[in-house]
1. Can you give me the long-range amide H partners of B:Leu69? Hydrogens built in the peptide plane at 1.01 Å from N, cutoff under 5 Å, separation of 5 or more residues or another chain.
2. For helix B:25-34, report the angle its Cα long axis makes with the longest principal axis of the Cα atoms of chain B; keep it between 0 and 90° and round to the nearest 10°.
3. Along the positive direction of the dipole of the protein assembly as shown (beta-carbon charges: Lys, Arg +1; Asp, Glu -1; about the Cα centre), which of B:Leu99, A:Gly62, B:Gln53 reaches farthest?
4. Note the distances from A:Ala87 to each other copy's matching label point, with points 7 Å along the Cα-to-beta-carbon direction, in nm, sorted shortest first.
5. Based on Cβ point charges of +1 for Lys and Arg and -1 for Asp and Glu, what charge dipole magnitude is obtained for chain B about its Cα centre, in debye rounded to the nearest 20?
6. Quick one: with label points 7 Å out along Cα→Cβ, list the inter-copy distances for B:Lys45 in nm, shortest first?
7. Cα axis of helix A:87-122 to longest principal axis of chain A: angle in degrees, 0 to 90, nearest 10?
8. What does the copy distance list look like for A:Arg120, label position 7 Å along Cα→Cβ, in nm and ordered from shortest?
Number of protein chains: 2
Amino acid sequence: MKPSERHPAGQCQVANDVISLVGDKWSVLVISTLGQGRMRFSELKRAVEGISQKMLTTTLRGLERDGYLIRTAFATVPPRVDYELTALGTELLKPVSALGQWAITNHARVIEARRAYDGRTSSNQPQ
Amino acid sequence: MKPSERHPAGQCQVANDVISLVGDKWSVLVISTLGQGRMRFSELKRAVEGISQKMLTTTLRGLERDGYLIRTAFATVPPRVDYELTALGTELLKPVSALGQWAITNHARVIEARRAYDGRTSSNQPQ
DNA sequence: CAGTATCCCGCATGATACTG
DNA sequence: CAGTATCATGCGGGATACTG
């Protein structure tokens with residue numbers, strides 16, 4: 001059975017395109033942060049805890065390319081660059097936030113499941 | 001401003017725990033596939049196009065540990081192992097599906113944004 | 001059938017240094 | 001300030017072979 005027969009018009013791969021973005025920790029954090037409003041590079045760098053300059057740049061380029069945010073550079077000195085979510089980016093934030101909310105709500109259940117699993121397992125795998 | 005002041009009780013990291021799962025291509029595909037009902041290992045292997053035996057095993061272990069699915073082994077020969085979503089797994093499927101639906105709905109916009117971006121960019125980067 | 005056990009490679013990412 | 005360039009590396013994940 002070919003994939004095209006199981007899923008209409010390769011939507012599976014299509015969805016993965018966006019979903020794998022959500023899998024990218026930095027992308028999610030950047031988009032979420034920008035959900036609070038327009039920000040400049042250095043502000044983002046400070047707001048997104050732990051991100052390196054390189055990864056911030058890379059992430060921003062990717063999100064810009066996919067149309068989730070717009071980049072505005074001012075030809076001043078020192079330079080200033082603002083980043084802001086597009087309508088698309090803002091819309092993406094909805095299902096992503098829903099997922100985040102689910103995560104927050106159900107986190108305890110996952111933690112408990114892990115604890116239980118590890119308890120069951122560690123008896124076979126001493127040390 | 002400390003992170004704890006911006007986000008209540010480190011929920012940011014908490015959410016990432018689940019979200020990064022969604023970032024894992026195989027996890028999403030396995031959970032989605034199991035959304036159709038209980039399946040055995042070999043069925044999953046065939047259903048999830050392109051997954052290696054190793055990754056299927058690894059993915060299933062992770063999902064089991066987090067409480068998204070249950071594993072049932074039959075002491076027959078040849079052995080038979082069934083996998084099935086738990087209530088938690090089924091619930092997770094909702095926000096994940098919503099995201100997938102969003103992806104399918106808006107994929108064209110992303111593609112177009114990329115086309116436009118690449119058009120703008122390639123003029124500076126010949127070849 | 002349902003896994004484990006190895007080997008191995010490529011890329012994502014971090015650290016660091018330099019620049020318009 | 002907002003990047004780019006370069007180097008180093010850890011490990012995700014594929015291929016393959018073996019096993020209860």
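1. For B:Leu69, the qualifying residues are B:Glu64, B:Thr86.
2. Long axis of B:25-34 versus the principal axis of chain B: about 50 degrees.
3. Towards the positive end, the residue furthest out is B:Gln53.
4. 4.2
5. Values: 17 positive and 12 negative charges, 46 e Å.
Dipole of chain B, to the nearest 20 debye: 220 debye.
6. 5.0
7. Approximately 30 degrees, to the nearest ten.
8. Between copies, matching label points for A:Arg120 lie 5.1 nm apart.
Throughout, read-outs are computed from the coordinates displayed, never taken from laboratory work. As the structure is a prediction and not an experimental result, all values here were calculated from the model. Using ideal geometry, Cβ is built from the backbone for each residue, glycine included, and neighbour counts are taken over all protein chains shown.
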